[in-house]
Amino acid sequence: MIKLKEDEFNAITSYIHTNYGVDLRKKRHLIEGRLSNHIAQLGYTNYMDYFEYVKSDKNNEEATVLINKLTTNHTYFLRESEHFDYYKKHVLPWIEETTKTRDLRVWSAGCSSGQEPYTLSMITRDYLSSSIGSWDSTILASDISDKVLSIAKSGVYSKEELSKVPLEWKKKYFVDYDEEFMRVSDALRKGVAYRNFNLLSRFQFKKPFQAIFCRNVMIYFDKPTKNEIVRKFYDSLLPGGYFFIGQSESLASVDHSFKYVQPSIYQKEY
């Protein structure tokens, strides 16, 4: 393994924080473990020369490889299922009651490999049932990793990954891909729009959202970055809209204007 020197560590973590908001200052071993073989395969013997290559790549292709390797993407279907129950029992009825244009505006930010937005889409389609055709029910899903977005767009998951998915959903929303894998149905895939999106960038959306899920993402940000991103989420929600974070996360140390609903669920007041 190529040893990561202090100046190299500081340069890489500063670059990642400045450009992506991700704080890796306590992740020295993670950086070494995930980059050492990669930079050796490229012919580099130290991290600084590799880092200079990243910065000199005008197409930002290697920067994309770098962030893909250094961001952790761990998720699974029905993770933190209480959120999905709340979405079904409270958020969707509120959207249906208050949205005259029948335009669903739900964003899965930091969607990883697609399990969260596909789950939201299945719940939405079940709830709206026969009226689904009269709604614009597309879920927006975003991540900074092209690698996980590629998996999400394919919609192909192992049968083991789908073990917690209700049988009714598997029959309704999935088709066999081969002996070990299943793929989401064409209708379900069309119900999610995937985008590469950096949460540090400017939020420019045509309409505000009724619900935003950003779960288990902000644990990688320092306090100033959290403050900035939470403010942008707040400004991007309709009055009355809901904001979901991971159950291991809290806004207690964050400057925000949200109303507390229950642990990890917040609301923008009217």
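Observations, loosely collected:
- Neighbour cut-off at most 16 other Cβ (10 Å), DSSP loop, GluC sites (Glu not before Pro), the range 122-177: 160, 161
- Built amide H within the under 5 Å cut-off of residue 237, gap 5+: 209
- Fewest-first sequence of 123, 245 by Cβ atoms within 10 Å of each Cβ: 123, 245
- Residues with amide H under 5 Å from that of residue 192, placed H, sequence gap 5 or more: 139
- Taken about its Cα centre, the chain carries a charge dipole of roughly 540 debye when the Cβ of each Lys and Arg holds +1 and the Cβ of each Asp and Glu holds -1.
- Lys, Arg +1 and Asp, Glu -1 on Cβ, resulting dipole of the range 212-270 about Cα centre, debye, nearest 20: 60
- Degrees separating the helix 28-41 axis from the principal Cα axis of the chain, which is the longest one: 70
- Residues 214, 111, sorted so that the one with the fewest Cβ neighbours within 10 Å comes first: 214, 111
- Normalised per residue, the volume of the convex hull around the Cα set of the range 101-203 (Å³): 95
- Here residue 270 and residue 185 are evaluated by their C-beta separation; at R0 = 41 Å the FRET efficiency comes out at 0.65.
- 124, 75 arranged by Cβ crowding within 10 Å, fewest neighbours leading: 75, 124
- Kirkwood Rh and Cα Rg combined as Rg/Rh, the range 1-136: 1.17
- Of the trypsin sites (Lys or Arg not before Pro) in the range 147-209, those whose Cβ has at most 12 other Cβ within 10 Å and which sit in DSSP loop: 164, 202, 206
- Reciprocal mean inverse distance between Cα atoms of the range 175-227 - Kirkwood radius, Å: 14.9
- Principal-axis tilt of helix 6-20 within the chain, Cα atoms, nearest 10 degrees: 30
- Cβ-derived FRET efficiency at R0 45 Å, residue 130 paired with residue 3, nearest 0.05: 0.15
- Taking every DSSP bridge with both residues inside the range 81-267, close to 40 percent are antiparallel.
- Sorted on the mean count of surrounding Cβ atoms within 10 Å across their residues, most packed first, peptides 215-227, 52-64 read 215-227, 52-64.
- Virtual spin-label span in nm between residue 19 and residue 206, 7 Å along Cα→Cβ: 3.1
- Averaging Cα coordinates gives a centre for the range 14-92 and one for the range 131-179; these two points are 23 Å apart.
- Taking amide hydrogens as placed 1.01 Å from N in the peptide plane, the amide H of residue 111 sits under 5 Å from those of 142, 143, each at least 5 positions away in sequence or on another chain.
- For the chain, the longest principal axis of the alpha carbon atoms and the long axis of helix 61-70 meet at an angle near 80°.
Every read-out reported here was derived from the displayed coordinates using simple, explicitly stated rules and does not represent laboratory data. As the structure is a computational prediction, the values presented were derived from the model and not from experiment. We place every Cβ from the backbone using ideal geometry, glycine too, and count neighbours over all the protein chains shown.
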